[in-house]
Amino acid sequence: MRSNLKVIGLVLIIALVMGGLFAQGAKEAGVANKDKPLVWFNRQPSDPATGVIDMESMNWNPKTYYVGFDAAGGGAVQGKLITDYLASADPAKLDRNGDGIIGYVLCIGDVGHNDSKARTEGIRKALGTWNGSTEPSVSKEGSVVVGGRTMRVIELEGKAMTGTDGSTWNANAATEAMGGWATKFGNQIDMVVSNNDGMAMGSLQASNYPGVPIFGYDANADAIEAIGAGRLTGTVSQNVDAQAAGTLQVLRNLLDGLSGADVYTKGITVPDQWGNKITAPLDYWADVKAVMAANSGVDASNWNLYTEGTRDAGIKQSAAPKKRVLLTIYNASDNFLSSSYVPALNYYAPLLGIDLTIVQGDGQNESITLDRFTNLNSFDAYAINMVKTNSGPDYLDKLRY
Ligand code: BGC
Ligand code: CA
């Protein structure tokens, strides 16, 4: 009697397991994970030292793309925003110690991230301090026109803002560095430039902040507000709505079975079959399979055009069939991703018929995000934001089987 019960139990367990497997197989209609759509976003698969794009990760399968923004163009926009500001500034007021030199300090996000590198380069080129490298300590004396007068420029110090936990683009590290700089350089500091808003806002938190002009990047809501309040001088919008909607639209197109140019034009340059089209321009860079948003400068003259509530009216509820997407975020406490990118994703995903599961890491190394990049069979597509730009193969290894 006892052994009969055991046999019945065993049969039941086998039946349950088989049933589960069968249901899953049926749901996926036989598509292997390695053949499903994959979009890398915000952190472009690339070599942290050289910035060269990792085309092996980009060519994982024909349904692999990158969605981001024009990083080099953005660096140039940030540089121009600063030189435009200086062009109409009063040299006597700006040059605090009156030595004829504009001294600035630079908050670097991540020396191994190509967005960060592009901004450092764009800033230094605009100020003439570019010396052929994006390393923190490599710069030369430059010159810039301030209120009609050509003045010397010196980068007093540049620093990669790495937190005590090892995470990059760290705002607390910027608060601390700024405090140190204010003490160390005193009124030699005439300006602060940052690779992003998170670190710029962090710098403003330093209790001894010198009250000089300060420039960030991202156009996060708190930064826009700070421009309105006259605390932050300028920032750059990388058009987060176009990027987040673009990431989802490319996935949608691939899940709808589109291929070739349809993947990066439908819903992007022309309406898709569901009647949606992203309003802001997104360009396609064929050599690196990238869909790229444009940047624009934001300052006291136009900040009110960038306040919250400016979601893209070109995207409405579509009748597209529901698809499940697993999406990773490299660091749950990254200011730009958590305050700008994720809210935009959560807004557009349901409209595009995408059932989004977001898993987030700690920005220190890949292990947490990789651990949470799991249950892969139950998703129809994937979107990945890595901790290190050369970690592509670690994710692909998990999709291989
Ligand atoms: C953003 C930064 C952000 C970084 C993270 C950049 O594109 O501008 O603010 O921290 O991405 O990957
Ligand atoms: Ca000076």
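The values are calculated or read from the model by the stated rules, or taken from the named source; none is laboratory data. These numbers come from a predicted model, not from an experiment. Neighbour counts run over all protein chains shown; Cβ positions are idealised from the backbone, glycine included. Side chains are part of the model used for accessible areas, which takes the heavy atoms of the whole protein and leaves out ligands, DNA and RNA. Shrake-Rupley method; radii C 1.70, N 1.55, O 1.52, S 1.80 Å.
Would you pick out the residues in segment 165-180 that are within 27 Å of the chain's Cα centre (by Cα) and away from ligand 1 (no atom under 14 Å from the Cβ)?
Correct list: 165, 166, 175, 176, 177, 178, 179.
Taking segment 119-139, which residues are open to solvent by 20 Å² or more (accessible area, probe 1.4 Å) and either outside any loop (DSSP other than H, G, I, E, B) or within 16 Å of ligand 1 (Cβ to nearest atom) (or both)?
121, 125, 126, 134
Go through segment 204-224 residue by residue and tally those that are under 18 Å from residue 296 (Cβ atoms), open to solvent by 10 Å² or more (accessible area, probe 1.4 Å) and outside any loop (DSSP other than H, G, I, E, B).
Residues meeting the conditions: 1.
Given the conditions (1) within 17 Å of the chain's Cα centre (by Cα); (2) in contact (Cβ under 8 Å) with a residue 60 or more places away in the chain; (3) not in a strand (DSSP E or B), which single one is not true for residue 383?
So residue 383 meets the others, but not (3).
So, in segment 281-307, of the ones that are open to solvent by less than 40 Å² (accessible area, probe 1.4 Å) and among the hydrophobic types (A, V, I, L, M, F, W, C), which residue ends up nearest to residue 236 (Cα to Cα)?
Taking the candidates together, the pick is 298.
If residue 100 passes every condition in (1) within 16 Å of ligand 2 (Cβ to nearest atom); (2) small (Gly, Ala, Ser); (3) in contact with a helix residue (DSSP H, G or I) (Cβ under 8 Å, 6 or more places away or on another chain); (4) closer than 20 Å to residue 140 by Cα but one, which one does it miss?
Looking at each condition in turn, residue 100 falls short on (3).
Conditions: (1) open to solvent by 10 Å² or more (accessible area, probe 1.4 Å); (2) farther than 30 Å from residue 281 by Cα; (3) not β-branched (Val, Ile, Thr). Residue 201 meets all but one. Number of the miss?
Every listed condition holds for residue 201 apart from (2).
Step by step: first the residues of segment 68-112, then only those that are open to solvent by 50 Å² or more (accessible area, probe 1.4 Å) and under 22 Å from residue 178 (Cβ atoms), then the one that is nearest to ligand 1 (Cβ to nearest atom). Which residue is that?
Once the filter is applied, the top-ranked residue is 111.
So how many residues does segment 93-146 have that are aromatic (Phe, Trp, Tyr) and free of Cβ contacts under 8 Å to residues at least 40 places away in the same chain?
Total meeting the criteria: 1.
Within segment 91-118, can you find the residues that are outside any loop (DSSP other than H, G, I, E, B) and either among the hydrophobic types (A, V, I, L, M, F, W, C) or closer than 11 Å to residue 188 by Cα (or both)?
Listed by number, the residues that qualify are 92, 94, 101, 102, 103, 104, 105, 106, 107, 108, 118.
Hey, does segment 322-341 have a residue that's farther than 28 Å from residue 109 by Cα and either without any contact (Cβ under 8 Å) to a residue 12 or more places away in the chain or assigned to a helix (DSSP H, G or I) (or both)?
No - not one qualifying residue is present in segment 322-341.
Any idea which residue in segment 17-61 is modelled with the lowest pLDDT, counting only those that are of a type in the set (Phe, Trp, Tyr) and open to solvent by 40 Å² or more (accessible area, probe 1.4 Å)?
Start the filter on segment 17-61 by keeping residues that are of a type in the set (Phe, Trp, Tyr), which leaves 22, 40-41, 60.
With the extra rule that they be open to solvent by 40 Å² or more (accessible area, probe 1.4 Å), the set shrinks to 22, 60.
On the way: 22: 44, 60: 98.
The extreme case among them is 22.
With the requirement that a residue be assigned to a strand (DSSP E or B), more than 16 Å from ligand 2 (Cβ to nearest atom) and not charged (D, E, K, R), what does segment 151-175 give you?
Matches in segment 151-175: 158, 160.
Any chance you could count how many residues in segment 225-254 are buried (at least 24 other Cβ atoms within 10 Å of the Cβ), out of contact with any Ser or Thr (no Cβ under 6 Å at 6 or more places or on another chain) and hydroxyl-bearing (Ser, Thr, Tyr)?
2
Among the residues of segment 176-184, is any modelled with pLDDT of 95 or more, more than 28 Å from residue 301 (Cβ to Cβ), in a loop (DSSP other than H, G, I, E, B) and in contact with a strand residue (DSSP E or B) (Cβ under 8 Å, 6 or more places away or on another chain)?
Checking segment 176-184: not a single residue is modelled with pLDDT of 95 or more, more than 28 Å from residue 301 (Cβ to Cβ), in a loop (DSSP other than H, G, I, E, B) and in contact with a strand residue (DSSP E or B) (Cβ under 8 Å, 6 or more places away or on another chain).
Which of the residues spanning segment 332-360 are open to solvent by less than 10 Å² (accessible area, probe 1.4 Å) and either touching a Ser or Thr at 6+ places or on another chain (Cβ under 7 Å) or of a type in the set (A, V, I, L, M) (or both)?
Once the filter is applied, which keeps residues that are open to solvent by less than 10 Å² (accessible area, probe 1.4 Å) and either touching a Ser or Thr at 6+ places or on another chain (Cβ under 7 Å) or of a type in the set (A, V, I, L, M) (or both), segment 332-360 yields 337, 344, 345, 349, 352, 353, 354.
Restricting to segment 310-331, what's the tally of residues that are open to solvent by 80 Å² or more (accessible area, probe 1.4 Å) and not polar (S, T, N, Q)?
Residues that pass the stated criteria total 4.
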